[in-house]
């Protein structure tokens, strides 16, 4: 039975027709909103481009070839590099060759369906795993050759003077070569261009360790550095696959209605604006358009975020990817498949990620100074004393090696990844999935958080919140009549009434002769008498409105509730108010966010203004912005970023995906959220407990403190040995022991983050 409830609030929602024109031009102010495939120029798929460091390398390498770095555009999320027009005419194979020289691989971008993920990450994981196996093999060989497990354990502390069989050395050399497989190419490029970076220092340190016979340290350093790169590459790959998953929302085919009245299934890509297609009950709508015939309730939550389905009839606008209710609709397509609202959402996600460069960790920025300084200092220590003072070349070569070894960034490099891995593991145990190291730090700097309403601050499912009997009727009588009329309905509001009636012990027989009144309500016979059910506007149309009914309806609607009226031919029997209820801990979570240092909490929703403002008052947010399409949410996030610099977005639907991607930190409600929102976001709450948000901020601040401690400690140790080396008091073995010891200490300090401190401070205090 097709539902025909007419709920005023549903029609006031954020999907209104006035927004459609804004949607078409929302992105036209600063950047072109055309899909990436329409960008003028040549586009290349780049394997190995996983972070801002690779983008910088490509700008320096490819920029001069095409006439300047400003002629290049990068999309890290999709591994895409575009040479913009007008650019110097250069053959594509020349660009591919230049990219290959950097250690990455480029190929012309192919239009059409996205190709499967490239094999770069699989190779990276394979080589990293093989490096780890080789390290373990070397340790096993050491145990077998020495017949002592203690000797093997000494490799982690002090292995001076220990003899090694050639098989063990071969295993460590293999581990270093496997671990440095992808690092060495980038290091060679950095050396050739006289631009020292951490890759180059790592390779030099590994080679230096081998030169002085410290095979175990060379192997472990290479393995750990390769592991950190593999983790970074994996997280980017997950985000790339999420964009492809968005395409599965809209069906690939539509039931085309021919002029003779027959139907045939055709691919949506072959349909044009003006074509008519049929959507049966429960099916997803394939294209944006307007209803030509039929009426039904359509779940628009994937696009507009509205909490209840919206009634559609002839002339109503519908969106691709939304879900039809019980009725059958004949829709006239208004846009081609590549121009639908859903297609624009996908495009905005891509563009938002392309505009947002990954944040660089302090260690990587410091390495730009540290790396050339260490290498230059070691060279000076080797050359200056013999040349200037006639000192022994052998002695100062030894001192230079000491500096090179202590300059090995093992402790410095390990300190941040281990801290972050421990913080990520602790977060996962606390029900918070964080996508990478950059996103475990960002919450500590948040100044504003924007939240979607439906499914985030609210449960995302309508419930009966008020039952008001009138004209001497009781609550059980009112519920019995409403439940009887709604007994065979699958409408979310009907299910809410049926659940509430069952909870109250009211289980009447279904009404007879139930008929749907298009856009008005229902009529039927219950217990031998006719009754009707509909919106307050239907009561007015029937001429049965009274002062009491009007007062009650206006009071409920002002609180953002949907009013359903039940009556008969004589009078109104009563009102039932249905609303998307606030999560029990929402208000406390907002208060704790303020206490944790977040200055502003903002609610963004596609729902109507009255509902949004009522929810906003209940939870205590600072601002409420309602009736927003995805484009509007994206624009609001951009405004908030301009105002507060560091902003998070919390949402649970595909309609939130562009805003999640554009915010400095995207947080998805994992338990109830869509897969696309979860994958697009940087953080996913794996339960519907938003009290995890203030916990995440406190956890991020603790993580940053540990990282800063580790960096300060590892640099202090290095500075101490630099001084001791110049004083002639440092030995090579002491430098190795200090470096290994510093590495172990920073690891132990980082592992403290595994102890999740889940303590919620009193509201009004700072954690």
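Every number here is computed from the coordinates shown, using simple stated rules; none is lab data. Nothing here was measured: the structure is a model prediction, and the numbers come from that model. So basically every Cβ, Gly included, is an ideal-geometry build from the backbone, and we count neighbours across all protein chains shown.
For the range 450-627, averaging the sequence separation of C-alpha pairs within contact (under 8 Å, six or more residues apart) and dividing by the residue count gives a relative contact order of 26 percent.
Each peptide in 546-552, 464-470, 319-325, 696-702 receives the mean, over its residues, of other Cβ atoms within 10 Å, and ordering these scores from highest gives 319-325, 696-702, 464-470, 546-552. Please grab the % of Cα pairs in the range 251-338 that end up more than 17 Å from each other. The calculated P(r) of the range 251-338 puts 39 percent of pairs beyond 17 Å. The protection proxy used here, the mean number of other Cβ atoms lying within 10 Å of each residue, ranks peptides 577-588, 382-393, 62-73, 287-298 as follows, highest first: 287-298, 577-588, 62-73, 382-393.
Residues within the reach of a label modelled at residue 617 (point 7 angstrom out along Cα to beta-carbon, backbone nitrogen below 12 Å), restricted to the range 555-578, are 555-561. Given R0 = 41 Å, the distance between the Cβ atoms of residue 585 and residue 383 translates into a calculated FRET efficiency of 0.05. Once the Cα-Cα distance is subtracted from the 0.36 nm per residue extended length, the residue 712 to residue 145 segment shows a gain of 200.2 nm.
The Rg/Rh ratio of the range 450-627, with both radii computed over alpha carbons and Rh defined as the Kirkwood radius, is 1.04. For the pair residue 525 and residue 745, label points projected 7 Å from Cα toward Cβ lie 8.9 nm apart.
Using every Cα-Cα pair within the range 464-551, state what percent have a distance larger than 17 Å.
Numbers: 1903 of 3828 pairs.
Tail of the P(r) past 17 Å holds 50 percent of the pairs.
Measuring r between the beta carbons of residue 194 and residue 253 and using R0 = 41 Å, the FRET efficiency lands at 0.10.
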